[in-house]
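The values are calculated or read from the model by the stated rules, or taken from the named source; none is laboratory data. Because the structure is predicted, anything quoted here is derived from the model rather than measured. Here Cβ is always computed from backbone atoms with ideal geometry, including for glycine, and neighbour counts include all displayed protein chains.
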Amino acid sequence: MSKKQVATFGEQVRTLREEANLSLRAVAEEIGIDTSLLGKIERNERQPTKEQTKQIAKFFKLDEKELIKELLSDQFAYRILEEEADLDTLKVAEKKVEYLKRQK
């Protein structure tokens with residue numbers, strides 16, 4: 001998942017699966033989830049757990065941290081849209097993360 005167009009986590013997983021000419025069933029079985037759940041992840045109807053994300057990364061031989069970053073960025077984007085917040089919210093969150101890191 002290097003330099004590419006912006007896509008959701010689910011769209012990226014679908015693209016990887018399709019480029020590998022694999023069925024939903026085959027990938028779902030390998031990563032240990034139900035076929036319908038993988039379909040929902042690909043359609044952005046469900047978010048995978050952290051463990052499922054790790055399994056997807058392992059299966060497609062991707063950097064686990066990068067894939068988790070993709071998942072988190074989706075979660076942030078959806079939450080901002082749901083709350084009808086603006087992008088300044090991310091700047092505030094960034095400052096809070098820096099603050100919380102200093103508190104440890």
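For this structure, a couple of remarks:
- Note on segment 53-65: residues that are part of a helix (DSSP H, G or I) and surrounded by 12 or more Cβ atoms within 10 Å (Cβ to Cβ) total 9.
- Filter result for the condition that a residue is at positive phi, in contact with a helix residue (DSSP H, G or I) (Cβ under 9 Å, 6 or more places away or on another chain) and modelled with pLDDT of 95 or more, over GLY39, GLY32, GLY10: GLY32
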